[in-house]
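Undergrad: Encoded as C-alpha cells, here's the structure I'll be asking about.
No lab work stands behind these numbers, since they all come straight from the coordinates. Note that the structure is predicted; figures quoted are calculated from it, not measured. Note that each Cβ is placed from the backbone with ideal geometry, even for glycine, and that neighbours are counted across all protein chains shown.
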Amino acid sequence: MNRGEILYSGKAKSVFLTEDPDKLLLEFRNDTSAFDGEKVEQLARKGMVNNRFNAFIMGHLERQGVSTHFDALCGDNESLVKRLDMIPVECVVRNMATGSLCRRLGIEDGVDLDPPVFEFFLKNDQLHDPMINEYHIDSFGWATAEEVGEMKRQTFEVNKILKALFLDSGMLLIDFKLEFGRCDGKLMLGDEFTPDGCRIWDKETRKKLDKDRFRQGLGSVVEAYEEVAHRLGLDLSSPAIGESD
Ligand code: TMP
C-alpha cells in the first residue's frame, strides 16, 4: 500500500492517507516524547520496535476477540490500519499505583489496586490531558453513553488479556492507556499499544521496562522495550512485511 498525503503528525507517529479511503498508514517514528511534548528525543530503532510490538499485541487481542483497527505490517516502521473516527478521550486502567495517580492522591508508589482503577483523560496536550469523567463526555458530546460503557468494558477486557500475557513472561502490567474510534457504527480499539503508552515492570526486580525509563532519565530505553518483546517471544530480527496478513 503506497503512502498518500499526510493526514496528521503526532508526537511519535505520523498518519498517511492511502489509495483505499477506508485505510490509513501509520508510521512509527523514533521520536520519543514526555510531559506532553516538553521533552523530545530521537531513540534509534524505537519506531521499528514499537511498530512490531504494536502488531504483536493487536494480533493477540484480535485472537482473543477484541476488535482493533490493525490490518497488517507494511514495513519496518509502518502498519496499515482501518480508518476510524477517533473519540478524543484516553482510557487508562491501573493495576498498581504509580505516576500521576500517586502525585494526585498521595498514594504510595507500587501499591496494588484491587479492583483496578479506571480513569478518563481528555486528549489535549495544551491542557495537559486533564482528567475528565462520564458527565463531561456526555455533556460535551465526545461519545454516547453506550460508547462510554463499551470503552470501559473493552479496556477492562484488554487489561485481563494483557495482564495474563505479561505475567506469563514474568512481567507486571502496571497501567496503560487506550484510545478508541468508530468504524461503521462499531467501537474499535485504535492508536497503539506499545511501551510508550503503558507501564511494565519485571515481576521480581520491579525494573521499569517502559517509557518511564525515558521520563526519568534512566537510560537503556529501547533496550528495555526490546527486552519486553523478546520475553514475549517476539522475534524483532525477522522480516516485517506480510507477517500479519
Ligand atoms: P499517568 O500515570 O501519567 O497518568 O499515566 C498512566 C498510564 O497511561 C501510563 O502507562 C502512561 C499512559 N498515558 C499515555 O501514554 N499518554 C497520556 O497522555 C496519558 C495521560 C497516559
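Undergrad: Scan around Met171 for amide H atoms under 5 Å from its own, H built in the peptide plane at 1.01 Å from N, and keep only partners 5 or more places away or cross-chain.
TA: Sorted by chain and number, the residues that satisfy this are Lys203.
Undergrad: Counting only helical runs of four or more DSSP H residues, what would the 222 nm mean residue ellipticity of the chain come to if each run contributes -39,500 (n - 2.57) and the total is spread over all its residues?
TA: Mean residue ellipticity, 222 nm, calculated: -8500 deg cm²/dmol.
Undergrad: Dipole of the stretch 1-158, Cα-centred, from +1 at each Lys and Arg C-beta and -1 at each Asp and Glu C-beta, to the nearest 20 debye?
TA: The dipole magnitude comes to about 440 debye.
Undergrad: Right, another one. Given points 7 Å out from each Cα along the Cα-Cβ axis, report the Asp22 to Arg103 separation in nanometres with one decimal.
TA: Each label point is offset 7 Å from its Cα along the Cβ direction, giving 4.2 nm.
Undergrad: Specify the inter-centroid distance of the stretch 1-66 and the stretch 142-167, based on alpha-carbon positions, in whole Å.
TA: What the calculation gives is 21 Å, centre to centre.
Undergrad: So how many Lys-Lys pairs in the stretch 22-164 land under 21 Å Cα to Cα, not counting same-chain pairs under 8 apart? Write down the numbers at each step before the final one.
TA: Working: Lys23/Lys82; Lys39/Lys123; Lys82/Lys123; Lys123/Lys152; Lys152/Lys160; Lys152/Lys163.
Close lysine pairs found across the stretch 22-164: 6.
Undergrad: Please turn the phi angles of the stretch 69-74 into ³J(HN,Hα) values with the Karplus equation 6.51 cos²θ - 1.76 cosθ + 1.60 (θ = phi - 60°), one per residue in order, whole Hz, x for glycine and proline.
TA: 7, 5, 10, 6, 6, 10
Undergrad: If you don't mind, another one. Taking the Cβ of each residue in Phe118, Phe214 as the centre, tally the other Cβ atoms inside 10 Å and list the residues starting with the fewest.
TA: Lowest to highest Cβ neighbour count: Phe118, Phe214.
Undergrad: Dipole magnitude of the stretch 137-193 about its Cα centre, charges +1 at Lys/Arg Cβ and -1 at Asp/Glu Cβ only, in debye to the nearest 20? The partial results should precede the final answer.
TA: Working: 7 positive and 11 negative charges, 35 e Å.
With only Lys, Arg, Asp and Glu charged at Cβ, the dipole is about 160 debye.
Undergrad: Please work out whether the stretch 157-216 counts as rounded, prolate or oblate from its C-alpha gyration tensor, where a ≥ b ≥ c are the square roots of the eigenvalues and a/c under 1.5 means rounded, while otherwise a/b larger than b/c means prolate and anything else oblate?
TA: oblate
Undergrad: Another question, then. Please arrange Tyr8, Tyr135 by how many other C-beta atoms lie within 10 Å of their C-beta, fewest to most.
TA: Tyr135, Tyr8
Undergrad: With a 10 Å Cβ neighbour count serving as the proxy for reagent exposure, in which order, fewest first, do Ser169, Ser79 appear?
TA: The most exposed by this proxy come first: Ser169, Ser79.
Undergrad: So how strong a dipole does the stretch 142-245 carry about its Cα centre when Lys and Arg Cβ are +1 and Asp and Glu Cβ are -1, to the nearest 20 debye?
TA: On the way: 16 positive and 21 negative charges, 112 e Å.
Taking the Cα centre of the stretch 142-245 as origin, the dipole is about 540 debye.
Undergrad: Sorting check: for 146-158, 66-78, 102-114, 43-55, which peptide has the highest mean count of neighbouring beta carbons within 10 Å, and how do the rest follow? Can you show the working numbers first?
TA: Values: 146-158: 16.7, 66-78: 20.4, 102-114: 10.8, 43-55: 21.9.
Result, highest mean first: 43-55, 66-78, 146-158, 102-114.
Undergrad: A further question on this structure: Taking the Cα centre of the stretch 116-245 as the origin and placing charges on Cβ (Lys, Arg +1; Asp, Glu -1), which of Leu167, Ser139, Thr155 is farthest toward the positive end of the dipole?
TA: Checking the options against the dipole of the stretch 116-245, the answer is Leu167.
Undergrad: Same structure again: Under the classification rounded if a/c is under 1.5, otherwise prolate if a/b is larger than b/c and oblate if not, where does the stretch 59-176 fall, given a ≥ b ≥ c as square roots of the Cα gyration tensor eigenvalues?
TA: oblate
Undergrad: Still on this structure: Using the Cα gyration tensor of the chain, with a ≥ b ≥ c the square roots of its eigenvalues, what is the shape: rounded (a/c below 1.5), prolate (a/b larger than b/c) or oblate (neither)?
TA: rounded
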